[in-house]
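Written below as structure tokens is the structure these notes are about.
The values are calculated or read from the model by the stated rules, or taken from the named source; none is laboratory data. It should be emphasised that the depicted structure is a prediction, and the values quoted were computed from it without experimental measurement. Neighbour counts are summed over all protein chains in view; Cβ atoms, including those assigned to glycine, are modelled from backbone coordinates with ideal geometry.
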Amino acid sequence: MNKINYSHFLDKIIEINWLIIFAFCPLWISFICYSDFVISQYFSFLFLTELLLFFCLIKVILTPKIFSQKESKQEKREKQRNKIKKIIPAFLFILILGIATLFSQSFNYSWWGSYSRKMGYLTWLHFFVFFLILFFKVKNRKQIQRIFKAILFSSLIIIIYGFCQFTGFDFVEWGEPPSQTFRIFSTIGQPNFLGSWLLLSLPIIVYFFICSLFKLKKDRGFKQQIKTGLITGLFFSAIFSLTLTQSRGAWVGLFFAFFFFSIIYNFLQNQKRLAWLLLILFSIVLVFGAYVNLSPYQLRKGNSDFFLLSRLQGFINLKDSATAQTRIDDWRSSGDLIKQRPWLGYGPETQLLLFPQYYLPESALLEKINTFTDRAHNDFLDTLLTSGIFGLISYLFLIGFVFWQGLKHLFKKKFELSLLLLLTGIFGYLISLQFSFHVVPLALYFWGYLALVLKISHLSTENQSTIDN
């Protein structure tokens with residue numbers, strides 16, 4: 001077997017590995033651990049990422065770097081510099097998070113993570129490695145489409161199992177059965193997490209849904225009609241699953257994601273009047289929502305036994321919501337803690353050690369007695385707590401850089417539906433995180449999407465086959 005065959009074989013192994021990560025890591029459940037979801041998904045992601053890194057290193061050792069003979073040395077160096085520039089924001093964030101870990105209040109917690117979350121610095125390093133491998137090893141848009149299919153498969157399993165939970169046809173007897181609480185969590189482990197995960201996977205389902213509609217216009221065959229019908233059913237099932245999570249943070253994320261996609265799409269299609277109209281409508285809804293909750297003349301919620309309507313009514317007066325009051329108390333405590341260590345924070349996963357000192361006896365009226373939060377339930381506040389102002393700046397720089405690269409590609413070069421939908425997924429997910437936080441199956445998709453956005457914007461449209469044909 002020659003060197004070229006070695007290279008091709010290792011490329012296949014590497015691609016299969018990251019497809020398994022996308023397809024199966026969110027599905028892993030283990031009933032022999034303290035947490036049915038966290039440990040299994042954490043272990044599977046770390047193991048598969050290390051295996052991915054191992055095969056990448058083997059390829060570097062066994063196969064030489066092959067450049068096109070048409071490229072000059074200067075062109076090769078320029079390409080390498082452009083690639084390295086695009087990973088600098090991610091590297092800065094991981095670097096600052098590492099420094100915060102070194103000066104942590106509890107190094108063990110910050111490095112390994114708590115047993116209930118496993119989001120220590122070691123996990124963040126694996127996210128970064130996963131991000132790097134995707135960015136450097138994904139070579140064409142066909143590979144990206146295969147990643148989309150892996151996500152589609154994972155979505156199908158998670159949505160089906162969520163419906164089984166809702167209808168009572170569940171093979172597991174949970175402590176709080178979703179058939180009674182009417183809040184599904186599927187294999188993600190918690191309704192709010194499932195809602196955020198669906199915000200990431202829904203754009204991929206929409207991508208295949210739109211592509212199938214375009215193909216149906218060209219091909220009216222029975223096979224294509226079946227495919228279109230199935231993906232249409234999955235699309236509406238995903239929306240219904242998001243509804244059944246009863247996660248108001250995810251609902252807000254979906255609302256923002258819809259307007260983000262609609263406004264950007266209409267600008268790209270030169271429908272500027274419609275885009276501005278949507279932007280104005282979006283602003284009006286936000287102002288009205290703020291007014292309703294801040295005005296002394298509060299709208300009164302009606303009594304409703306319908307579980308979805310009662311959750312929706314929570315938007316009318318957040319002051320009467322026990323969950324909202326708990327979140328506000330957590331945010332106030334976070335503000336006080338941030339003032340004490342503003343620059344590098346307390347280190348990853350140390351919130352569990354910090355919040356008990358702010359426990360209020362009256363909190364027992366809102367939730368179980370002696371229940372201590374381990375997160376601020378706001379992504380930016382949690383970032384300030386774990387890595388301080390430096391960490392938040394680097395985090396925002398990473399997110400802003402990815403959106404800038406993606407939108408610049410969309411507006412200046414060629415419109416790609418896949419790129420816009422990836423940005424939409426990231427945007428909706430980040431909105432939902434203002435009421436929640438990262439966990440392993442969500443964060444691995446988040447970092448994967450960051451890499452894919454940068455990769456799509458980097459790929460040349462002249463010599464690559466397009467995703468969106």
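General observations
- LEU27 vs. criteria at pLDDT 95 or above, aliphatic (A, V, I, L, M), surrounded by 13 or more Cβ atoms within 10 Å (Cβ to Cβ) and in the same structural domain as PHE54 (by TED's automatic domain parsing): yes
- One residue stands out in region 173-193 among those that are of a type in the set (A, V, I, L, M, F, W, C) and in contact (Cβ under 8 Å) with a residue 12 or more places away in the chain: the one that is nearest to PHE22 (Cα to Cα), namely ILE188.
- Matching residues in region 229-268 - criterion: being among the hydroxyl-bearing types (Ser, Thr, Tyr) and buried (at least 21 other Cβ atoms within 10 Å of the Cβ): SER241, THR245, SER247
- Which numbered condition SER72 misses (of (1) modelled with pLDDT of 95 or more; (2) more than 25 Å from LEU10 (Cα to Cα)): (1)
- Which numbered condition PHE103 misses (of (1) touching a helix residue (DSSP H, G or I) at 6+ places or on another chain (Cβ under 7 Å); (2) surrounded by 15 or more Cβ atoms within 10 Å (Cβ to Cβ); (3) assigned by TED's automatic domain parsing to the domain that holds GLN340): (1)
- Elements of type helices (runs of 4 or more DSSP H) contained in region 104-177, each with 2 or more residues being polar (S, T, N, Q): 107-112, 141-167
- Among the residues of region 74-89, the one identified as more than 20 Å from GLY406 (Cβ to Cβ) and surrounded by 13 or more Cβ atoms within 10 Å (Cβ to Cβ) is LYS76.
- Among all residues of region 168-186, there is none that is under 30 Å from LEU57 (Cβ atoms), under 20 Å from the mean Cα position of the chain (by Cα) and either assigned by TED's automatic domain parsing to the domain that holds TYR445 or buried (at least 22 other Cβ atoms within 10 Å of the Cβ) (or both).
- Of the candidates GLY400, GLY388, GLY406, GLY425, the single residue that is part of a helix (DSSP H, G or I), of a type in the set (Gly, Ala, Ser) and surrounded by fewer than 19 Cβ atoms within 10 Å (Cβ to Cβ) is GLY400.
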